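Below is one structure, written out as structure tokens, with a few remarks after it.
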Amino acid sequence: VKGKGIGKTLEFPTANLHLKEDYKLIPKNGVYLVQSIISGKKVFGLTNIGTNPTVGGTYKTIETYFLDYSRDLYQKEIQLNFIKKIREEKTFESKDALKNAITKDEQFARNYLNNNE
């Protein structure tokens, strides 16, 4: 699903996901470490579930920044496996503060994967 491009401006481009079935269980708002299979390859990422309050979001979205993956994902079907909750969604004072938090989330995710894979 086409998003607003905010993740790309923060240097963390995201895949904005649309649920195919509305009966799926969705974890509560927050940032999660996830795993997916894309084109036959295991890929890990950071998924934010929430309203994106720092950038004035008003409705719930599910968007994923995939680590070490930069190909176009438009119109692709993606299944996410949630591995670990990293933190709650929160409002940051600026986009720079948000970018710093995402950088820390990525560092946490990579450390977690290095120690648990």
* To do: Report Rg/Rh for the range 6-116, rounded to two decimals, where Rg is the Cα radius of gyration and Rh the Kirkwood radius.
  => 0.93
* To do: In nm, give the distance between the simple-model label positions of residue 85 and residue 35, each being 7 Å from the Cα along the Cα-to-Cβ direction.
  => 2.1
* How big is the gap, in Å, between the Cα center of the range 34-81 and the Cα center of the range 100-117? -> 16
* Compare the Cα positions of 50, 79, 19 along the charge dipole of the range 6-116 (+1 at Cβ of Lys, Arg; -1 at Cβ of Asp, Glu; about the Cα centre) and return the one farthest towards the positive end. => 79
* To do: Calculate the dipole size of the range 15-87 relative to its Cα centre from +1 charges on Lys and Arg beta carbons and -1 charges on Asp and Glu beta carbons; express the result in debye to the nearest 20.
  => 260
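Values in this text are rule-based calculations from the coordinates and carry no lab data. As the structure is a computational prediction, the values presented were derived from the model and not from experiment. Because the Cβ atoms are built from the backbone with ideal geometry, glycine has one as well, and the counts that use them run over all protein chains shown.
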